[in-house]
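Just so it is clear, none of the values below were taken in a lab; they were calculated from the coordinates. Not measured: the values here are computed from a predicted model. No Cβ is skipped: glycine too gets one built from the backbone with ideal geometry, and neighbour counts run over all protein chains shown.
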Amino acid sequence: MTIQSLLASQLQTFFTQEFQKDIQSFEFQQTRKEFVGDITLVVFPLLRHIKTNPAVLAEKIGEYLTSNVKEIEGFNVIKGFLNLELSSAYLSDVLNKIVENPEFGKLPSNGKRLMVEFSSPNTNKPLHLGHIRNITLGYSVSKIMAFAGYEVFKTQIINDRGIHICKSMLAWQKFGNGETPESSGMKGDHLVGKYYVEFDKAYKKEIKSLVDNGLTEKEAKAKASILAQAQQMLKAWENGDEEVVSLWKTMNSWVYDGFEKTYQTLGVDFDKNYYESETYLLGKENIVDGLERGIFYKKEDGSVWIDLSDEGLDEKIVLRADGTAVYMTQDIGTAIKRVDDYNIDNMIYTVGNEQDYHFKVLFLILKKLGYDWAENLFHLSYGMVDLPTGKMKSREGTVVDADDLMEDMTKTAQQISEEHGKLDGYDEELKQKLYKTIGSGALKYFILKVDPKKRIVFNPKESVDFQGNTGPFIQYTYARIQSILRQYQWPEHQNESAYRPEEKERELLKILDQFPSVIEQSANLYSPALVANYTYELVKSFNSFYQNISILSADTEDQKYFRVKLSMATSQVIKTAFGLLGINVPDRM
RNA sequence: ACAUUUAUGGUGUAAUGGAUAGCACAAGAGUCUUCUAAACUCUAAGUUCAGGUUCAAAUCCUGAUAGAUGUACCA
């Protein structure tokens, strides 16, 4: 039970007794630094129920709480704000709650099953910076939801079929000379991506020569033989042509191996993969079924549509004239299959905001098809990651590759570490691991600390900061605490009730106390940014404490004990919080 | 054209309708014979514009301006 809910229930009693009013909600906030007190009740909203002078009412409430709630030991009133002071006993007890429970902040199970989709790559090219935002965000949300009481299943939908795949395959056949990841030493996804680019080059070259021979650009595009061959290949694939399917399987497996390595570097994993090639048929069945029930309608050319103009949206195609599936068809099938497979109550789709419209339509269609769980689908929409020069485009080679970026981050971490020179005598293998922890921590935190809705402009030249509000800043604080813990000898017995925390200590305790409610909020809003910013605030407060007050050479044993314990609790919460962001913390740095 | 979304110091960001808008980077001034200075302490600088609602607006409403995205038989 948080202090706020405890106070709320006391206040309810107070208002029933004193004014015969049943008031449900109360507005609390942290007391601002310039005033005395820890938690503040805003009295203004209560004036709607009770017509009186706010200061007088605040005074009354303050007296009641101070004498009836042992956690409150004092108060003051400034205008309509009632500032309450928490008792030292309550604050000290926060420490015990944390230290005794390694999972402090975790909310009890709510019995709900939730699937979180993220990453969702195409199998024709490697992952890039955009995927990193997606993966970091989706993975973190899945961790937060699990910590907030859901049973979570992490998944990705792999877009493993379509013309784009055939382009890579065709180019490999034409120009590859049998090159494999083994023969070239290239990571599988990069190898396949290379041929995707090769295709585009050959295609452009062919168009250019056609245009040079007097065709218009449009005619040239229609006539280009290499594209026609790719389309041919797609048809062959759909007809189950053995050779094509076998090549498809081989090249996809190269890509999967490559993705797996990237996921390992990023420290993420999935409970289940879905493949578009396995779900699009189910989608089609549902379209046919919905057509019979009059939810969809057929146009003269045979294509199937849904009319959503009553809902303020447009008409949307759900099946092509030639009967093949579109993106929507497949997503309908995938959603239904997932609910069948896992009996889930909720689902989160981590997908960029360019698809806001798509998901609006998807959820509406599922609802119209009569699936009541459609109400519980959520599109976790996030802003694009752009370069200073504009949008990233794979075909034009302007992408920031995920593997390259991770490597760069690790290198930067190494360089900065060496400048600091604090790791002398540390094992080389551990050092390498540490650089990865710091590098990826910097990148992930950089992404997660901002509101998902916001667009990120990423400048590869300026790279990611390691100072200020950053991942390494927080990791550094954690490492310093570990150093203290290594140096402290815990006493056998300790009488701890007597200690009264000082100002900096109280600050820290109050922030620690908020952790469970931060979890709750961030789960409600699907926002890792709240966890990130909370952690930052906690660390700021700790650093101020650390820098201004001596821990290991405190005046008394009691004080020393209390301060070490406070440090330990802080580091524990940092570790938990960073775990929810998918970031590791180091013992040294 | 319509829809969605964003707009906070020089830059990047924070703020369940609540007190004097918080923080970092960059700038300036300090702090290592004491637990790791990737830190700490201090200074300077900000809510796009015009109306409205409210005891109270960065936050809600209307309009304008600027950017991003979407409204494809692409995924």
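Taking amide H atoms as placed 1.01 Å from N in the peptide plane, the amide H of residue A:386 lies under 5 Å from those of A:456, A:457, A:458, each 5 or more residues away in sequence or on another chain.
At a 10 Å Cβ-Cβ cut-off, how would you order A:195, A:499, A:357, fewest neighbours first?
Ascending number of Cβ neighbours within 10 Å: A:357, A:499, A:195.
Fewest neighbouring Cβ atoms within 10 Å first, the residues A:69, A:518 line up as A:69, A:518. Couplings 3J(HN,Hα) for the stretch A:216-226, derived from phi with the Karplus relation 6.51 cos²θ - 1.76 cosθ + 1.60 (θ = phi - 60°), are 6, 4, 5, 4, 4, 4, 6, 9, 3, 6, 5 Hz, where x marks Gly and Pro.
Note on residue A:396 and residue A:540: their simple-model spin labels are 3.9 nm apart, each label 7 Å out from Cα toward Cβ. Our estimate of slack between residue A:469 and residue A:32, defined as 0.36 nm per intervening residue step minus the Cα-Cα distance, is 155.2 nm.
Packing here is the average count of other Cβ atoms within 10 Å per residue, and on that basis the peptides A:106-114, A:330-338, A:365-373, highest first, run A:330-338, A:365-373, A:106-114. Each residue of the stretch A:87-98 is assigned a 3J(HN,Hα), and the resulting list reads 6, 4, 4, 4, 5, 5, 5, 4, 4, 4, 4, 6 Hz, derived from the Karplus form 6.51 cos²θ - 1.76 cosθ + 1.60 (θ = phi - 60°), x at Gly and Pro.
Under the simplified labelling scheme, the residue A:223-residue A:324 pair shows an inter-label distance of 2.4 nm, with each label point 7 Å from Cα along Cα→Cβ. Any chance you could give the angle, 0 to 90 degrees and rounded to 10, that helix A:557-580 forms with the longest Cα principal axis of chain A? So the inclination is approximately 20 degrees. Taking all pairs of different Cα atoms in the stretch A:404-580, averaging 1/r and flipping that mean, what Kirkwood radius in angstroms comes out? Hydrodynamic radius (Kirkwood, Cα only) of the stretch A:404-580 equals 17.8 Å.
In terms of its C-alpha gyration tensor, the stretch A:238-304 has an oblate overall shape, because the principal axis ratio a/c (a ≥ b ≥ c, square roots of the eigenvalues) is not below 1.5 and a/b does not outweigh b/c. Post the alpha-carbon centroid distance, the stretch A:279-314 to the stretch A:140-184, in whole angstrom. With the stretch A:279-314 and the stretch A:140-184 each reduced to a Cα centre, they are spaced 29 Å. Counting beta carbons within 10 Å around each of A:190, A:128, A:420, A:493 and listing the fewest first gives the order A:493, A:420, A:190, A:128. In this structure, residue A:49 and residue A:293 have a Cβ-Cβ separation that, at R0 = 60 Å, corresponds to a calculated FRET efficiency of about 0.75.
Peptide packing: for A:476-483, A:30-37, the average count of neighbouring Cβ atoms within 10 Å per residue gives the ranking A:476-483, A:30-37, highest mean first.
Can you tell me the 0 to 90 degree angle between the C-alpha axis of helix A:528-548 and the longest principal axis of chain A, rounded to 10? With rounding to tens, the tilt is 40 degrees. Here the Karplus relation 6.51 cos²θ - 1.76 cosθ + 1.60, evaluated at θ = phi - 60°, turns the backbone of the stretch A:486-491 into coupling constants of 5, 8, 9, 9, 5, x Hz, with x for every Gly and Pro. For the stretch A:500-549 versus the stretch A:124-138, the spacing of their alpha-carbon centroids is 30 Å.
With a Förster radius of 35 Å applied to the C-beta separation of residue A:354 and residue A:97, the computed FRET efficiency comes to 0.20. Counted residue by residue at 0.36 nm each, then reduced by the alpha carbon distance between them, the extension gain from residue A:550 to residue A:367 reaches 59.8 nm. Dividing the summed -39500 (n - 2.57) terms of all DSSP H runs of n ≥ 4 by the residue count of chain A sets its mean residue ellipticity at 222 nm at -18000 deg cm²/dmol. When the Kirkwood radius is taken over all Cα pairs of chain A, what Stokes-Einstein diffusion coefficient follows at 37 °C and 0.692 mPa s, in µm²/s? Stokes-Einstein gives a translational diffusion coefficient of 118 µm²/s.
Database remark: amide H of residue A:308 closer than 5 angstrom to the amide H of A:315, A:316 (H placed geometrically; neighbours at sequence offset of 5 or more, or on other chains; Pro and chain starts carry no H).
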